[in-house]
Structure formats: structure tokens, C-alpha cells
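These notes concern the structure reproduced below.
The values are calculated or read from the model by the stated rules, or taken from the named source; none is laboratory data. Keep in mind that what you see is a predicted model, and the values were worked out from it rather than measured. Here the Cβ positions follow ideal geometry from the backbone for every residue, glycine too, while neighbour counts run over all protein chains shown. Surface accessibility is based on the protein's heavy atoms, side chains included, excluding ligands, DNA and RNA. Shrake-Rupley method; radii C 1.70, N 1.55, O 1.52, S 1.80 Å.
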Amino acid sequence: MTVLYDRLLKLKEMFNSKFGSSPKFYVRAPGRVNIIGEHIDYCGYSVLPMAVEQDMLIAVEPVKTNTLQLGNTNPLYPDFSTSSNNIQIDKTKPLWHNYFLCGFKGIQEHFGLSDLTGMNCLVDGNIPPSSGLSSSSALVCCAGLVTLTALGMNLSKVELAEICAKSERYIGTEGGGMDQSISFLAEEGTAKLIEFSPLRATDVKLPSGAVFVIANSCVEMNKAATSHFNIRVMECRLAAKLLAKHKGLQWNKVLRLEEVQAQLGISLEEMLSVTEDALHSDPYSPEEICMCLGISLDELRTQILSQNTRDVPIFKLYQRAKHVYSEAARVLQFKKICEEAPDNVVQQLGELMNQSHRSCRDMYECSCPELDQLVDICRKFGAQGSRLTGAGWGGCTVSIVPVDKLPGFLANVQEAFYQGSDASFAPEKQSLFATKPGGGALVFLEA
């Protein structure tokens with residue numbers, strides 16, 4: 001807490017020198033690490049994240065004009081100013097201020113407000129960007145809570161999470177809502193099983209004999225700037241439709257893989273068998289998908305595909321569905337093992353994390369050589385399990401490490417990965433740290 005207090009004081013000083021006045025309140029929203037359950041929230045399945053101690057912090061002063069002025073303590077992110085009544089978000093450029101505008105606009109639209117007060121805001125973040133620890137969603141959530149507080153209005157944490165998840169889509173990311181949910185619903189000392197439709201969070205007590213260590217591969221991946229992420233969302237949607245058609249369901253109403261399972265009323269294991277029967281492992285062309293569904297290419301492009309996936313030449317449906325159904329089962333298994341706490345709990349959880357990484361690498365193809373290398377190094381030096389976390393294609397790994405092995409593990413991974421022969425990593429990116437489950441978003445009023 002003293003670190004946070006020091007940051008607040010420093011932020012207040014910087015705010016004073018920038019705007020010539022004092023902030024009235026501060027808002028904090030944490031990043032998160034997803035322990036298990038990758039790329040399944042947007043398919044309707046539960047995930048198992050925890051908040052990290054790194055966060056977004058915003059100092060705020062509501063003003064009488066309609067001008068929204070945004071500053072950032074990091075000189076890499078330029079100042080931005082706009083009218084609070086004319087919010088334009090450019091999907092083609094995932095600039096930092098657009099994430100703030102997503103949260104702002106989400107609250108504005110939820111309450112149907114046209115005449116909004118302006119604000120002076122100074123943002124300070126210590127979550128490494130594009131690292132898979134959800135810096136962008138933390139900024140959206142922080143901005144949503146800033147706007148709500150400035151308006152003097154109230155919403156539940158669940159409502160805030162749902163609004164922020166929806167509003168991040170203004171920037172073109174078709175996410176599922178995990179990042180925003182954990183940012184608001186997190187509690188210190190516990191991970192959370194986050195379930196969707198309706199959104200709810202259940203405590204998951206992690207084993208005391210192990211710690212979770214985050215390591216940054218130093219390969220940056222920006223979800224909104226690349227098409228990988230939205231292509232996977234679309235492949236899952238198409239797989240759901242083909243599986244539904246195969247089973248005689250109303251495929252045109254189905255959007256998520258979870259809906260197929262729910263409508264059939266069968267287990268995840270049985271869904272894996274259905275996937276084997278219904279889908280082939282060779283990639284599907286748009287033409288073949290049209291043939292399977294009995295629709296035209298034009299209907300596929302305009303009614304099913306999102307704007308940025310209309311020219312994708314092939315879709316891997318079998319592999320994506322296999323990953324989603326098996327990963328959804330691993331999440332439930334992970335929670336069950338945590339609850340039962342057998343003697344070899346750390347080993348069992350580690351094995352599930354290893355299976356998850358293999359599936360992300362081979363079936364979902366969202367890893368990269370650096371992540372695979374980092375996972376291997378972590379396992380070699382004492383992690384019982386290690387996997388990519390976040391969207392992938394770069395970013396971080398999360399490893400489960402027995403407490404007694406932690407000091408040696410950190411020293412060895414630091415040397416083997418970050419000080420290796422071809423390591424030219426900037427020091428600020430060298431994120432290698434043990435983390436404990438942190439608390440969720442908060443508002444601090446200026447005393």
C-alpha cells in the first residue's frame with residue numbers, strides 16, 4: 001500500500017504541474033494474469049484469472065467546460081484533447097487514448113447522456129504494454145469508473161464490467177469479457193472462476209505451497225492492431241455453426257461453441273467426440289463453409305464474418321473447436337483440484353497448465369518461438385507447469401513454482417532467457433516476478 005501511496009503523491013505533483021490545479025479523485029484498475037482458460041471466454045466458457053498488483057492509475061479533475069484533456073506520465077504516449085460531446089474512436093489506430101475513450105463512451109451511451117462535463121485526467125500505468133496482462137482493458141475499466149465517478153452515478157461491479165467489455169469493441173477487439181470482469185470483481189488473496197451469461201465470479205483458493213510467476217517474452221502483441229485475434233473469434237463462430245448444422249440445431253441463431261453444448265445437453269468430453277465426427281482437420285475455404293451451411297459467399301461475408309475477417313482465405317475449424325472444448329474442461333478440472341487439495345496438488349495443476357500450453361501452441365496456434373522457449377526454460381528450472389497467458393503471439397508466460405524453489409527459479413530463468421546470447425531486451429521489459437492475487441478497481445477521493 002505504501003508503494004501505491006507514493007505513486008498517488010507523485011501523480012498529484014505531476015498533475016499539478018501539468019494542469020495547474022489539483023485532482024479531486026483517483027481511480028485504480030488492475031491488470032490480470034489468466035491462470036488457465038485461454039481464448040474461451042468469447043466462446044461462452046468460464047475462465048480462471050487473478051488480478052495482478054500492476055495497474056492503471058488515473059488522477060481526475062472534473063471541469064466546467066466540455067473539454068476532455070488526457071495526459072500520460074509516460075512520454076511515449078502523447079497528450080490528447082477532444083470535446084466530451086463528440087467522441088470519435090479510430091479503429092484503424094489503437095492509440096492509447098482510444099482505450100480511455102472506449103470506457104468514457106461506454107458509460108455515456110449506457111446512461112444515454114449527450115451533454116457531458118469535461119475532465120482533466122493524468123494516466124499512470126505500470127502494466128507492461130502488449131504483454132498479455134491486460135493493460136488496455138485495465139485502461140478501459142479505469143476510464144469507465146472515472147466517468148461514472150465524475151458524473152456522481154452508481155453501477156454495480158458486474159454492470160461496470162459488462163459495459164466496459166462491450167465498449168472495448170469500439171476499438172475493434174471482439175473479446176469475451178474476462179479482462180474487464182476480473183479488473184472489477186477481483187479480491188485480494190483469491191483467484192476467481194469467472195462465468196458468463198449471467199456474469200458471476202466464484203473464489204478459487206490457490207495452493208499455499210506454490211506461487212505463480214509471470215515472465216515476459218518481450219515480444220509485443222497488440223490485439224487491436226493485428227487480425228490474428230479476430231480471425232480466431234470468427235473460426236470459433238464458424239465451427240459452432242457447422243457443429244450446430246451437423247446436429248440439426250438452428251445453426252443461424254448460434255454464435256458460440258458453448259451454445260452448441262448447452263443445446264445438445266452433453267458433456268465437454270462428448271462435445272470433443274462430436275467435433276471429431278462433424279469437422280475435418282484440413283482447413284476450410286470460405287466456399288466449403290458456404291456449401292456446408294447452404295448459403296452464398298455474399299451472405300457469409302455480410303451476415304457472419306466481421307469486417308476485418310472478410311478476406312481470410314482459410315479457416316481452421318476442427319483445431320479451434322478441439323482447443324476450446326478441451327480448455328474449458330481443464331478450467332473446471334483446475335478448480336476441482338484446488339478445492340480437493342490432494343497431496344500432489346501443485347503437480348496436478350502444473351500438468352493442466354502444460355496441457356493448456358500444448359493446445360494453445362498446436363491447436364489454437366497462438367504461441368510464438370520465444371514463448372515456447374520461455375515455457376521450456378521455466379519447466380527446466382523448477383516450474384511444475386508453464387503456459388502462455390493472455391491472447392498469445394507474444395506477451396507473457398505464467399508458471400506454477402513450488403515456494404521452496406522460487407529463489408533459484410528466478411535467478412536461473414533470468415540468466416537463461418534474459419541474459420542469453422541473443423538477448424537484447426530493454427530493461428523495463430524484463431518482467432520476471434512472482435505475483436499474488438490482488439484486489440479489484442477502486443476510487444480514492446482526495447482528502
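Can you pull out the residues in the range 61-82 that are open to solvent by less than 50 Å² (accessible area, probe 1.4 Å) and either closer than 30 Å to residue 433 by Cα or small (Gly, Ala, Ser) (or both)?
Correct list: 71, 72, 73.
If the Cβ limit is 6 Å and pairs must be 6+ apart or interchain, which residue in the range 142-158 that is more than 14 Å from residue 181 (Cβ to Cβ) and of a type in the set (S, T, N, Q) pairs with which residue that is part of a helix (DSSP H, G or I) and open to solvent by less than 50 Å² (accessible area, probe 1.4 Å)?
The qualifying pairs are 147/104; 147/107.
Within the range 56-74, track down each residue that is under 22 Å from residue 216 (Cα atoms) and either assigned to a loop (DSSP other than H, G, I, E, B) or modelled with pLDDT under 95 (or both).
Within the range 56-74, just 74 meets the criteria.
Any residue in the range 121-137 that's under 13 Å from residue 28 (Cβ atoms) and modelled with pLDDT under 85: show its pairings with residues that are of a type outside the set (Phe, Trp, Tyr) and not in a helix (DSSP H, G or I) at Cβ separation under 8 Å, as long as the two are six or more apart or on different chains.
Matching pairs, first to second residue: none at all.
Please state which one of 23, 94 is open to solvent by 10 Å² or more (accessible area, probe 1.4 Å) and either within 24 Å of the chain's Cα centre (by Cα) or not aromatic (Phe, Trp, Tyr) (or both). Break it down stepwise before answering.
Details: 23 fails: open to solvent by 10 Å² or more (accessible area, probe 1.4 Å).
Of 23, 94, the one residue that is open to solvent by 10 Å² or more (accessible area, probe 1.4 Å) and either within 24 Å of the chain's Cα centre (by Cα) or not aromatic (Phe, Trp, Tyr) (or both) is 94.
Would you confirm whether or not the range 330-338 contains a residue that is within 18 Å of the chain's Cα centre (by Cα) and of a type outside the set (Lys, Arg)?
Checking the range 330-338: at least one residue is within 18 Å of the chain's Cα centre (by Cα) and of a type outside the set (Lys, Arg).
Specify which of the listed residues (118, 112, 132, 103) is under 19 Å from residue 23 (Cβ atoms) and out of contact with any helix residue (DSSP H, G or I) (no Cβ under 8 Å at 6 or more places or on another chain). Walk me through it before giving the result.
Numbers: 112 fails: under 19 Å from residue 23 (Cβ atoms); 132 fails: under 19 Å from residue 23 (Cβ atoms); 103 fails: out of contact with any helix residue (DSSP H, G or I) (no Cβ under 8 Å at 6 or more places or on another chain).
Only one candidate passes the filter, namely 118.
Please indicate, with yes or no, whether at least one residue in the range 269-279 is within 26 Å of residue 172 (Cα to Cα) and of a type outside the set (Lys, Arg). Spell out the reasoning first.
To start, the set of residues in the range 269-279 that are within 26 Å of residue 172 (Cα to Cα) comprises none.
No: zero hits.
So is residue 14 under 26 Å from residue 444 (Cα atoms), surrounded by 24 or more Cβ atoms within 10 Å (Cβ to Cβ) and either basic (Lys, Arg) or modelled with pLDDT of 95 or more (or both) or not? Even if it seems obvious, please write down each step before you answer.
Values: under 26 Å from residue 444 (Cα atoms): yes; surrounded by 24 or more Cβ atoms within 10 Å (Cβ to Cβ): no; either basic (Lys, Arg) or modelled with pLDDT of 95 or more (or both): yes.
No, not satisfied.
What pairs come out if I take residues in the range 259-280 that are within 20 Å of residue 316 (Cα to Cα) and pair them with residues that are among the basic types (Lys, Arg) and modelled with pLDDT of 95 or more whose C-beta lies under 7 Å away, six or more apart or interchain?
Every condition considered, the pairs that remain are 272/322; 274/247; 275/322.
What's the total number of residues in the range 244-269 that are of a type outside the set (S, T, N, Q), more than 25 Å from the chain's Cα centre (by Cα) and more than 16 Å from residue 327 (Cβ to Cβ)?
Filtering the range 244-269 down to residues of a type outside the set (S, T, N, Q) leaves 244-249, 251, 253-260, 262, 264-266, 268-269.
Restricting the remaining residues to those that are more than 25 Å from the chain's Cα centre (by Cα) gives 244-249, 251, 253, 264-266, 269.
Keeping just the survivors that are more than 16 Å from residue 327 (Cβ to Cβ) gives 244-249, 251, 253, 264-266.
Final tally of qualifying residues: 11.
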